[in-house]
Amino acid sequence: MDKYLICGLGNPGQEYEGTRHNTGFMVLDAFAKASNIVFEDRRYGFVAETSLKGRKIILLKPTTFMNLSGNAVRYWLNKENIDQSRLLVISDDVALPLGAFRLKGSGSNGGHNGLGHIQQLIGQNYARLRMGVGNDYPRGGQIDWVLGHYSDEDMKTLQPSIDLGVDLIKSFVLAGIDITMNQFNKLGKKP
């Protein structure tokens, strides 16, 4: 059975719930809810499993904190013997406007600490879905911004992209990265 690892980046703990930096967790939570599965506390992360048309999907929300996300990703890739071409990492991105998103098959970490640590440990040949959180913060205010909570107004803009993220994951698993990029990146421009 083909296996896929879908990793949403964020920080564990209640104080980080609903923050911009936890947008990756939010997409996985939406996918889990739509699939009627629940996360279990496992090694290096909260893990949920489901299958889609004969393919096994493992959802991972690392509990390593953002800067050490690579430890969780590498562990689960190795444990489940999953090829990197079947890894999708979902992160927040201040370079994209709120509600926009971009899927890429590989590339740089764009200054994102979570992606940076994953890249250190496994290289940069893996798919990543970057969810825009905007950058409406003063110079030097990036950390406060990404650790800040979404407002109800923000969520109205973001929720359709989270919902599209659920469909995007399914497409990535069933159709592959190229078809999924062609289908979804045009939807991920500014909403």
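The values are calculated or read from the model by the stated rules, or taken from the named source; none is laboratory data. Computed from a prediction, not measured in an experiment: that's the story for all the values here. Neighbour counts are summed over all protein chains in view; Cβ atoms, including those assigned to glycine, are modelled from backbone coordinates with ideal geometry. Heads up: the accessible areas ignore ligands, DNA and RNA and are worked out on the full protein's heavy atoms, side chains in. Shrake-Rupley method; radii C 1.70, N 1.55, O 1.52, S 1.80 Å.
Counting only DSSP beta bridges whose two residues both lie in the stretch 56-191, roughly 40 percent are antiparallel.
Heavy-atom accessible surface of the chain, averaged per residue, reaches 48 Å², computed with a 1.4 Å probe. Placing +1 on the Cβ of every Lys and Arg and -1 on the Cβ of every Asp and Glu, with no other charges, gives the stretch 15-63 a dipole of roughly 320 debye about its Cα centre.
Which whole-Hz ³J(HN,Hα) couplings does the stretch 8-14 yield from phi under the Karplus relation 6.51 cos²θ - 1.76 cosθ + 1.60, θ = phi - 60°, glycine and proline marked x? Residue by residue, the stretch 8-14 yields x, 8, x, 10, x, x, 4 Hz.
Relative to its Kirkwood radius, the Cα radius of gyration of the chain gives an Rg/Rh of 0.93.
Amide H to amide H distances under 5 Å link residue 100 with 132, where only residues 5 or more positions off or on other chains count and H is placed in the peptide plane. Amide H contacts for residue 45 (H built 1.01 Å from N in the peptide plane; partners 5 or more residues away or on another chain; cut-off under 5 Å): 63. 3J(HN,Hα) couplings calculated from phi for the stretch 57-65 with the Karplus curve 6.51 cos²θ - 1.76 cosθ + 1.60 (θ = phi - 60°) are, in sequence order, 10, 10, 9, 10, 10, x, 9, 8, 6 Hz; Gly and Pro show x.
In the chain, helices alone account for a calculated mean residue ellipticity at 222 nm of -11500 deg cm²/dmol, with every DSSP H run of four or more residues adding -39,500 (n - 2.57).
For residue 51, the residues whose modelled amide H falls within less than 5 Å of its own, excluding neighbours fewer than 5 places apart on the same chain, are 57.
Along the axis of the charge dipole computed for the stretch 131-191 (Cβ charges of +1 for Lys and Arg, -1 for Asp and Glu, origin at the Cα centre), the listed residues 161, 175, 146 are led at the positive end by 175. Packing order of peptides 34-41, 57-64, highest average first: 57-64, 34-41 (average count of other Cβ atoms within 10 Å over each peptide's residues). Between residue 80 and residue 34, full extension at 0.36 nm per residue minus the direct alpha carbon distance yields a gain of 14.2 nm. Whole-Hz Karplus values for the stretch 111-126 come out as x, 7, 4, x, 5, x, 5, 4, 4, 4, 8, 10, x, 10, 8, 8 Hz, taken residue by residue from phi with 6.51 cos²θ - 1.76 cosθ + 1.60 and θ = phi - 60°; glycine and proline positions read x.
Taken over the alpha carbons of the stretch 70-168 as equal point scatterers, the Debye sum produces base-10 log I(q)/I(0) values at 0.16, 0.18 Å⁻¹ of -0.75, -0.91. Note: relative contact order over the chain, using C-alpha pairs below 8 Å and six or more positions apart, is 26 percent. Taking every C-alpha pair closer than 8 Å and separated by at least 6 residues, the mean separation divided by the residue count of the stretch 55-144 gives a relative contact order of 37 percent. Between the stretch 21-45 and the stretch 105-153, the C-alpha centres lie 18 angstrom from each other. Using only side-chain charges placed at the Cβ, +1 for Lys and Arg and -1 for Asp and Glu, the dipole size of the chain relative to its Cα centre rounds to 660 debye.
Dipole orientation for the stretch 1-116: of the candidates 46, 62, 75, 75 has the Cα lying most toward the positive pole (charges on Cβ; Lys, Arg +1; Asp, Glu -1). Note on residue 106 and residue 17: with the Förster distance fixed at 30 Å, the Cβ-Cβ geometry gives a FRET efficiency of about 0.50. Ligands, DNA and RNA left out, the accessible area of the stretch 1-153 computed with a 1.4 Å probe is 43% carbon and sulfur.
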